[in-house]
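Below is one structure, written out as structure tokens; comments come after it.
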Amino acid sequence: MTCCREIGKRDPLLQRLKRSSLPVAYDQAMYVREQAADLWDVQAAYGYKTGLAMSLHLPRNKHFIIGVDRESALPRGETSLGRLMADFQFLALYAHAAALRLLSVGPVDGETPPRLTQREVEILKWTA
């Protein structure tokens, strides 16, 4: 069985996310072009169709990776796809901020633990 590290080296989406902070559109065709159709077949069994993903490159070689998948193809028009990617960048920044608040070390004595706003909860439900 191939280990996760070897799979990650072959995955065309992960390779793009390692090099760029811009959203990346992905679909089965990307994996076929990059001779990684077998990896797509594994992911497709979990419902992957097409979507956007991006990585925020953080200090100390850390990354925050987020992706959203959808049933229908991404828009082909430059304006529509550009708008979708811009909105996705905002989502990624808000998701990162929410994750930092939720995953940070416990509250200091006397402080209330962090909570998500109603809007953050709504966005997380969207992404689920």
Cross-link reach list, lysines versus residue 9, counting only Cα pairs under 22 Å and skipping chain neighbours closer than eight places:
18, 49, 62
Hey, what does the equivalent ellipsoid look like for the chain, semi-axes from the Cα gyration tensor as sqrt of 5 times each eigenvalue, largest first, whole Å?
29, 19, 14
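Could you give the longest part of the chain that holds none of the GluC sites (Glu not before Pro) found in DSSP loops with at most 16 neighbouring Cβ atoms within 10 Å?
Details: sites that count: 34, 71, 111.
Value returned for the longest uninterrupted segment is 72-110.
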Candidate residues 30, 85: accessible-area rank, largest first, probe 1.4 Å:
85, 30
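Starting from the Cα-Cα distance between residue 41 and residue 21, subtract it from 0.36 nm times their residue separation and give me the gain in nm to one decimal. Provide the component values of the computation, followed by the final result.
Details: separation 20, 0.36 × 20 = 7.20 nm, distance 2.61 nm.
Taking 0.36 nm per residue and subtracting the Cα distance, the gain is 4.6 nm.
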Could you tell me the center-to-center distance, by alpha carbons, between segment 53-80 and segment 1-50 in angstrom?
13 Å
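Considering only protein heavy atoms, what per residue accessible area in square angstrom results for the chain with a 1.4 angstrom probe? Please report the intermediate quantities before stating the final value.
Values: 9450 Å² over 128 residues.
For the chain, the per-residue accessible area is 74 Å².
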With DSSP loop assignment and no more than 15 other C-beta atoms within 10 Å, the trypsin sites (Lys or Arg not before Pro) in segment 1-54 are 49
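Taking the Cα centre of the chain as origin and charging only Cβ (+1 Lys, Arg; -1 Asp, Glu), how large is the dipole, in debye to the nearest 20? Can you show the working numbers first?
Details: 17 positive and 14 negative charges, 65 e Å.
My answer is approximately 320 debye.
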In nm, give the distance between the simple-model label positions of residue 90 and residue 29, each being 7 Å from the Cα along the Cα-to-Cβ direction.
2.8 nm
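Within 10 Å of each candidate Cβ there may be at most 15 other Cβ atoms; applying that plus a DSSP loop requirement, which chymotrypsin sites (Phe, Trp or Tyr not before Pro) in segment 27-97 survive? Don't skip to the answer; put the middle values down first.
Values: sites: 31, 40, 46, 48, 64, 88, 90, 94; in loops: 46, 48.
Passing sites in segment 27-97 are 46.
The values are calculated or read from the model by the stated rules, or taken from the named source; none is laboratory data. For clarity, every value in this text was computed on a predicted model and none was experimentally measured. Note that each Cβ is placed from the backbone with ideal geometry, even for glycine, and that neighbours are counted across all protein chains shown. With ligands, DNA and RNA removed, areas are computed over all heavy atoms of the protein, side chains included. Shrake-Rupley method; radii C 1.70, N 1.55, O 1.52, S 1.80 Å.
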